[in-house]
Amino acid sequence: MSAQWGLGTAIPVTINQDVDATDMPNEVLVNDIKLTKGVFDGKLFEGREITLEGNTEVERNLAVTGWEIKTTTDGVEVTSTIDGATIPFTVPVPNTDSECISLCINAIMKPQVTIGQRGAVSFSSTKPLDFTGLTDVKAYIVTEKNGSKFMKKQVFKVPAETGLVIEGPEGSHIIPVACADVTPNDVSGNLLKPTAKAPFTVPEDGNVYYGLFYSTVQNKVGFQKKDKGFTFGKGKSYLLLSQQHQAKDLTELFYDGIIDGIATNIQGANNHTWTEGQVYNLNGQRVDKNYNGVIIVNGKKVINNRK
C-alpha cells in the first residue's frame, strides 16, 4: 500500500505504552480517531501531520499538560516535551535509506483541582504535591488541640494520599508534583482522610464522618455529618471523629477563618442555624447562660463571667 500510494516509510510508533494505568487519560485521539484504551502500538507514515489530543474527566483530579516524545535514530535516543493537551507534530523522515527511526510518545499527567464558586473543595492525590509556588491556591489539613479545638493548618509540601481542603479562586488549577528528594510537611495529626485511590462509603461503625459543604445559613464553608451509605468520591477527603470523641454529636463544624496562615478554631453547631438563646462552650457542648468562661452565642465568642 505504501508503494502504491507513495506514502513513504512507515515509522514504528507507540503512544502511552509507558504510562501507568492509573495515570492514563480517559480519552486519546490521533487525528480525531479515538484510541482503544488510550494506547497505540503500530506504525505511522513519514512526513505526515498528526494531531494528538488527550482528555481526562474532572472527577479524576488529573489533566494532560503535555507530551513526552522520545525519538530513537539508529539506537540514539533524544527526548523532548511539548506543552498542551492537544499538539500537532510531524512524523520524522529518515535522512538516509539506512536510517532507522522510532517514536515513543507518552502523555504527561499532573494533578488538577477544580474549585467551585464557594472557593473551597476537599481533595487528595496519589502523588506528593508541592503548593510552595502557588499564590492563589492554598492547601490545609485539619488538626486538633487539647482534644477540643479543631484547627486548620496550611501545608505546602504534601505527601501522597493526604486528605486536604483546597481554597482558591473558582476554576481548574494544576498542582505541581513534589520532587522525590523533598522533605514533606508533617501531617501526622491530620483528621482528614483521603479517598485518593478509591471512593469511600460511610459504614455503621460508631464513628462519625463529615464532608465539606457550604452552609447558606452560615454563609461559609464547613463540615457536615454524613449518614451511613453516603459515598465520598475518589480524589476527595472527609473528616473522621471516633465514637469516643466528645464532639461526635455535632451535626456541623465551621471554621472561624485564617489569619496570616495561622489556624483558628472551628465552631460546632448541633442545628443548621444559631437561634437566639442557644449557647455553647468551646467544646461545642450546649450550656446555659450561667456558664463561666468563653461561650459562643449566635456564632460569636463571648467571655461570660457570672461571678
Might you check whether a residue that is part of a loop (DSSP other than H, G, I, E, B) and open to solvent by less than 20 Å² (accessible area, probe 1.4 Å) occurs anywhere in segment 75-86? no
Would you confirm whether or not segment 122-132 contains a residue that is at negative phi, in contact with an Asp or Glu (Cβ under 7 Å, 6 or more places away or on another chain) and open to solvent by 40 Å² or more (accessible area, probe 1.4 Å)? yes
Output the number of the condition that Asn185 fails; it satisfies all remaining conditions of (1) in a loop (DSSP other than H, G, I, E, B); (2) at pLDDT 95 or above. (2)
On the basis of being crowded, with 17+ Cβ neighbours inside 10 Å and in contact (Cβ under 8 Å) with a residue 40 or more places away in the chain, does Pro169 make the cut? no
Looking at Ala21, Ala63, which is the one that is under 30 Å from Ser124 (Cα atoms), touching a residue at least 12 places away in the same chain (Cβ under 8 Å) and not basic (Lys, Arg)? Ala63
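Matching residues to (1) in contact (Cβ under 8 Å) with a residue 24 or more places away in the chain; (2) buried (at least 18 other Cβ atoms within 10 Å of the Cβ); (3) touching a Lys or Arg at 6+ places or on another chain (Cβ under 8 Å); (4) not in a strand (DSSP E or B):
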| site | (1), (2), (3), (4) |
| --- | --- |
| Asn95 | no, no, no, yes |
| Gln117 | yes, no, no, yes |
| Thr135 | no, no, no, yes |
| Val142 | yes, yes, yes, no |
Among the candidates Lys152, Lys193, residue that is in contact with a Phe, Trp or Tyr (Cβ under 7 Å, 6 or more places away or on another chain), open to solvent by 50 Å² or more (accessible area, probe 1.4 Å) and in a strand (DSSP E or B): Lys193
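Could you tell me whether any residue of segment 60-69 is assigned to a loop (DSSP other than H, G, I, E, B), within 30 Å of Asp130 (Cβ to Cβ) and open to solvent by 30 Å² or more (accessible area, probe 1.4 Å)?
No, because not a single residue in segment 60-69 is assigned to a loop (DSSP other than H, G, I, E, B), within 30 Å of Asp130 (Cβ to Cβ) and open to solvent by 30 Å² or more (accessible area, probe 1.4 Å).
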Taking segment 227-241 on its own, how many of its residues are open to solvent by 10 Å² or more (accessible area, probe 1.4 Å) and either in contact with a Lys or Arg (Cβ under 6 Å, 6 or more places away or on another chain) or part of a strand (DSSP E or B) (or both)? 4
Checking Lys228, Lys236, Lys220 in turn, the sole residue that is touching a strand residue (DSSP E or B) at 6+ places or on another chain (Cβ under 7 Å) and over 23 Å from Leu129 (Cβ atoms) turns out to be Lys220
Scanning segment 172-182 for residues that are open to solvent by 40 Å² or more (accessible area, probe 1.4 Å) and part of a loop (DSSP other than H, G, I, E, B), the one nearest to Asp23 (Cα to Cα) turns out to be Pro176
Quick count over segment 53-78, residues being in contact with a strand residue (DSSP E or B) (Cβ under 7 Å, 6 or more places away or on another chain) and either under 30 Å from Gly233 (Cα atoms) or acidic (Asp, Glu) (or both), is 14
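I'd like the full set of residues that are over 22 Å from Pro94 (Cα atoms), open to solvent by less than 70 Å² (accessible area, probe 1.4 Å) and either at pLDDT below 95 or not in a strand (DSSP E or B) (or both), limited to segment 37-53.
Gly38, Val39
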Go through segment 1-36 and report how many residues are on the phi > 0 side of the Ramachandran plot and modelled with pLDDT of 90 or more. 3
Inside segment 19-36, the number of residues satisfying the requirement of being in contact with a helix residue (DSSP H, G or I) (Cβ under 6 Å, 6 or more places away or on another chain) and open to solvent by 50 Å² or more (accessible area, probe 1.4 Å) is 0
Applying the selection to segment 155-166, what residues are in a loop (DSSP other than H, G, I, E, B) and open to solvent by less than 20 Å² (accessible area, probe 1.4 Å)? Thr162, Gly163
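The values are calculated or read from the model by the stated rules, or taken from the named source; none is laboratory data. Predicted model only: the values in this text are computed from it and were never measured. With ideal geometry, Cβ positions are generated from the backbone for all residues, glycine too; neighbour counts draw on all protein chains shown. Note: accessible area is taken over every heavy atom of the protein model, side chains too, but ligands, DNA and RNA are not part of it. Shrake-Rupley method; radii C 1.70, N 1.55, O 1.52, S 1.80 Å.
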